[in-house]
Amino acid sequence: MKLEEKPVLQVRHLTVRYGDGCPACRTHLEKNRCTVCGTVWAANDVSIEVYPGEVLGIVGESGSGKSTLMQSLYFDIVPTSGEAYLGDYKKGEESIWLASAAEQRHIKNSIMGMVYQNPVRGLRMNYSAASNIAEKLIAAGNRSAGHMTERAKELLSAVEILTSRMGEAPKNFSGGMQQRVQISKALANNPSILLLDEVTTGLDLSVQAKVLDLIRRIKAEYGISILLVSHDLAVIRMLADRTVVMLDGKIIESGLTDQILEDPQHAYTQQLVHSLL
């Protein structure tokens, strides 16, 4: 990664606010809630960049704003203000949050891949594993049944699911296998960036290790950029090149992952790192 390269993803001043806000919001926030008007600032002036081939980790406790960032990027929630640019959308010159509904579908199906913490959000549990991948391909304009079958075999093999099980529905799979199917679906159209939202939470430790190793292999093989959200610093340590620490809707610290782990500056980050040791 060279920081003089153009970012794959650039987010500028993302704000997600629940409530009208008031002048006191600037000085009377208790965590991320205004004590005067009750407005909740789920994301408060958040700016990040993700560069080609980089894994950017976002770490923070529940309610820190990290999932709000992800859901904003994947159009699951509408930001109050801010801009987000993708290098593969209008040459990175127009914010994706100004895109039409049709353009948003194109971005979701062809430029970004999303893997949710709960596989139910990312998969059709009653469809076969292959049909889940085919659905993503069809949404991007592919119509060749032969191509879809071959692509499903290729992707499921890449995530170590037997092709003999490609006709089975994810509801019959374990949690770890469901996450692997979700990852294969997210990769269907060769996205330039993969969004991973707490993908190992709730999995057994041995299964977590397999999923993390898979993500590491995918990064090496496909050279894909990844935005990785986790509350677990051990996951961030294993995968992230750079790390952003969020608390109460704001970025409180950012830098190379090694620097964050070896010399944390903010008291909250120090607490996180010490809990890992």
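The values are calculated or read from the model by the stated rules, or taken from the named source; none is laboratory data. Owing to the predicted nature of the structure, the values given are computational and were not obtained by experimental measurement. Note that each Cβ is placed from the backbone with ideal geometry, even for glycine, and that neighbours are counted across all protein chains shown.
List of remarks:
- Residue count for region 125-149 under the criterion of being within 16 Å of Ser174 (Cα to Cα) and either free of Cβ contacts under 8 Å to residues at least 40 places away in the same chain or touching a strand residue (DSSP E or B) at 6+ places or on another chain (Cβ under 6 Å) (or both): the result is 0.
- Only listed residue being at pLDDT 95 or above and of a type in the set (Val, Ile, Thr), chosen from Ile133, Ile138: Ile133
- The condition (being aliphatic (A, V, I, L, M) and free of Cβ contacts under 8 Å to residues at least 12 places away in the same chain) is satisfied by just one residue among Leu233, Leu205, Leu272: Leu205.
- Lys91 vs. criteria among the basic types (Lys, Arg) and either in contact (Cβ under 8 Å) with a residue 12 or more places away in the chain or in a strand (DSSP E or B) (or both): no
- Residue-level check: of (1) closer than 30 Å to Ala220 by Cβ; (2) in contact with a Cys (Cβ under 6 Å, 6 or more places away or on another chain); (3) hydrophobic (A, V, I, L, M, F, W, C), Val59 misses just (2).
- Scanning region 36-64 for residues that are free of Cβ contacts under 8 Å to residues at least 24 places away in the same chain and on the phi > 0 side of the Ramachandran plot turns up just one, Gly38.
- For region 19-72, filtering for residues that are under 22 Å from Leu233 (Cβ atoms) and assigned to a loop (DSSP other than H, G, I, E, B) leaves 10.
- Of all the residues in region 238-269, those that are of a type in the set (A, V, I, L, M, F, W, C) and either part of a helix (DSSP H, G or I) or free of Cβ contacts under 8 Å to residues at least 12 places away in the same chain (or both) number 5.
- The set of residues from region 119-139 being surrounded by fewer than 16 Cβ atoms within 10 Å (Cβ to Cβ) and in contact with a Ser or Thr (Cβ under 9 Å, 6 or more places away or on another chain) comprises Arg124, Ala139.
- The condition of being out of contact with any helix residue (DSSP H, G or I) (no Cβ under 9 Å at 6 or more places or on another chain), of a type outside the set (Val, Ile, Thr) and either modelled with pLDDT of 95 or more or surrounded by fewer than 22 Cβ atoms within 10 Å (Cβ to Cβ) (or both) does not hold for His231.
- Residue within region 59-74 that is surrounded by fewer than 20 Cβ atoms within 10 Å (Cβ to Cβ) and more than 28 Å from Val273 (Cα to Cα) present: yes
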